[in-house]
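Read through the structure below, which is laid out as structure tokens, and then see the notes.
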Amino acid sequence: MQNKTAHRSLDMAVELKKGIYWVGAVDWNLRDFHGYVTGRGATYNSYLIVDEKIALIDTVKAPFYPEMLGRIRELIDPSKINFLISNHLEPDHSGSIPLFVHDFPQAKIITGAMAAKGFKKYYPGVPFETVKTGDSIDLGARTIQCIETPMIHWPDSIFSYVPEDALLFSMDGFGQHIATAGRFDDQVTMHDVMFEAGKYYANLLTHLSPLISTTLNKVTEQNLAIDMIAPSHGIIWRKHVQTILEAYRRWCSGTTTKRVVVVYDTMWKSTEKLAREISERLYSHGIEVSLMKLGEHHRSDVMAALLEAAGMVLGSPTMHRNLLPRVADLLCYMRGLKPAGKICAAFGSYGWSGESVDLITAALKEIGADVIEPGLKALYAPDAADIAAACDLADTLAERINNR
Ligand code: FEO
């Protein structure tokens, strides 16, 4: 008996607009993206515009080249592709370029002006041309306009905009690491997508917020009509374009809610006891609390929780005159991502030397946090005085947040 649904396959290209297709790849099994846990996998989105001339927007991570090529072949003969536009040099998008160039040397490679230095290093001998903001590529009925967007996510990054379709290819911007069968925001669970969009922002883009703000303003000033946003990762925005634009405005401006992330690691549960007391007291003041023990919660999940939180309390006992390693790891990660505008405090137990609280305090200040001092140190196991001090610390933090 003929299978009536045989026309629908996960291997197929997906049409975004008439003659414009998703031809990327879905990485269902990716669980780590340079230190960021991708619990739902990822996609590498490349797009094909079939006009009088044909353009491929970005490629995919090299192992997925055959998957991308299969989708392209379903639509056209790849030897007819005129342009390969590389919006971003990071190898999750450019990794298939040398394979593609080897197989289809007729395609002219075009990339952002800032990509030149890196492109020569990654792909020596591969010819390319560069574009800058204001340049456009004529495909026939459509044009592709270039908008340089440095540091979203690397200096080389560019957006490609097709005015005739009000379609923005936003590369890493507005992306999410999530592997789904549906390609559009109205085909998947929005809660999951927005959570992953926030986690992605928190773990990849937080430190670039001022530049993202500039880029959003640039797009606003140009008054670009945007009917659809096609990023390089995750689902394509067509129903919830304003939702993701508003979320980015919120995230890059550092808007926070009355929430504190209480993060700790513990040796013999003394620091854990303080964490619980602090959480309980914050909650009693109407502050929403996320209590996260490192080891059970990954650093990248802590960053996601912190994205819209007003504050963070970070605890470690002292071990070997230092921090527990998972706390040091988190602080190293935060030093790079620099979440801005957080009110923070440090706490921890100790046996004799007691450096951990001072080390956390110094690290949080270096990151730029507004740190409440002194932090809370408890000798060995917290007693009634230590619990009272934990409540005092929480009271101070809650007051600062409530009076913001
Ligand atoms: Fe998805 Fe910066 O690469």
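The values are calculated or read from the model by the stated rules, or taken from the named source; none is laboratory data. Every value quoted in this text rests on a predicted model; they were computed, and no experiment measured them. Quick reminder, even Gly has a Cβ in these numbers, built from the backbone with ideal geometry, and neighbours come from all protein chains shown. To get the accessible areas, we keep the full protein, side chains included, count just its heavy atoms, and leave off ligands, DNA and RNA. Shrake-Rupley method; radii C 1.70, N 1.55, O 1.52, S 1.80 Å.
Annotations
- Selected from TRP251, TRP352, TRP22 as most flexible by GNM, with the chain as the system and alpha-carbon contacts under 10 Å: TRP352
- Over region 120-194: Rg over Rh, Cα atoms, Kirkwood Rh: 1.05
- Bins of 10 Å, starting at 0 and running to the largest distance - Cα pair percent for region 326-404: 18, 46, 31, 5
- Annotation: aspartates and glutamates with alpha-carbon distance below 17 angstrom to LYS269 (same-chain offsets under eight excluded): GLU277, GLU280, GLU296, ASP383, ASP386.
- On Cα atoms only, tilt of 384-402 relative to the major axis of the chain in degrees: 40
- Cα Rg, Dmax (largest Cα-Cα span) when computed across region 77-214, Å: 16.0, 45
- FRET efficiency for the pair THR143 and LYS338, taken as 1/(1 + (r/R0)^6) with r the Cβ-Cβ distance and R0 = 45 Å, rounds to 0.75.
- Against the compact-protein benchmark of 2.2 N^0.38 Å, the Cα-based radius of gyration of region 196-248 scales to 1.15.
- Helical content of the chain, expressed as a calculated mean residue ellipticity at 222 nm, amounts to -10000 deg cm²/dmol (DSSP H runs of 4 or more residues, -39,500 (n - 2.57) each, divided by residue number, nearest 500).
- Isotropically averaged projected area of region 256-404, using the convex hull of Cα atoms (one quarter of hull area), nm²: 7.4
- Counting 0.36 nm for each residue step from ALA381 to ALA181 and taking away their Cα separation leaves a gain of 66.9 nm.
- Backbone geometry of region 267-272 corresponds, through the Karplus equation with coefficients 6.51, -1.76 and 1.60 at θ = phi - 60°, to 3J(HN,Hα) couplings of 9, 10, 6, 5, 5, 4 Hz, x marking Gly and Pro.
- Local electrostatic count, ARG404, Cβ distance below 11 Å [Lys/Arg +1, Asp/Glu -1]: 0
- For GLY182, no residue has an amide H sitting under 5 Å from its own, ignoring neighbours fewer than 5 places away on the same chain, with H placed 1.01 Å from N.
- Cα convex hull, the chain: 161 Å³ per residue, rounded to a whole number.
- When the chain is described by a simple charge dipole with +1 on each Lys and Arg Cβ and -1 on each Asp and Glu Cβ, the residue from ALA141, HIS233, SER279 located farthest towards its positive end is ALA141.
- Label-point separation in nm, LEU99 to THR243, each point 7 Å along Cα→Cβ: 3.3
- The separation of region 344-404 from region 227-262, counted between C-alpha centres, amounts to 32 Å.
- Accessible surface for the chain, divided over its residues, is 43 Å² per residue with a 1.4 Å probe.
- For VAL23, the amide hydrogen comes within under 5 Å of the amide hydrogens of SER46, TYR47, LEU48, counting only partners 5 or more places away or on other chains and with H modelled in the peptide plane.
- Carbon plus sulfur fraction of accessible area for region 91-196, probe 1.4 Å, in percent: 59
- The H on the amide N of MET312, modeled in the peptide plane, is under 5 Å from the matching H of VAL261, ILE343, CYS344, ALA345, each at least 5 residues off or on a different chain.
- Efficiency of FRET from Cβ geometry, LYS258 and LEU10, R₀ 45 Å, rounded to 0.05: 0.60
- Put the Cα centre of region 129-200 next to the Cα centre of region 55-97 and the gap is 15 Å.
- For the chain, the longest principal axis of the Cα atoms and the long axis of helix 325-337 meet at an angle of about 50 degrees.
- Solvent-accessible surface of protein heavy atoms, probed at 1.4 angstrom with all chains present, puts LYS338, LYS17 in the order LYS338, LYS17, largest first.
- Across region 90-99, rounded Karplus estimates of 3J(HN,Hα) from the backbone phi angles (6.51 cos²θ - 1.76 cosθ + 1.60, θ = phi - 60°) give 4, x, 5, 10, 9, x, 8, 4, x, 5 Hz, Gly and Pro being marked x.
- Straight Cα distances below 13 angstrom link LYS365 to the aspartates and glutamates GLU373, with same-chain residues fewer than 8 positions distant left out.
- Cα long-axis angle, helix 241-253 against the chain (0 to 90 degrees, to the nearest 10): 40
- Only lysine pairs 8 or more places apart, or on different chains, with alpha-carbon atoms under 21 angstrom apart are counted in region 1-147, and they number 19.
- Directionally averaged shadow of region 10-112, computed from the convex hull of its alpha-carbon atoms, nm²: 6.7
- The stretch between LYS132 and ASP358 holds 76.6 nm of extra length on full extension. This uses 0.36 nm per residue minus the Cα-Cα distance.
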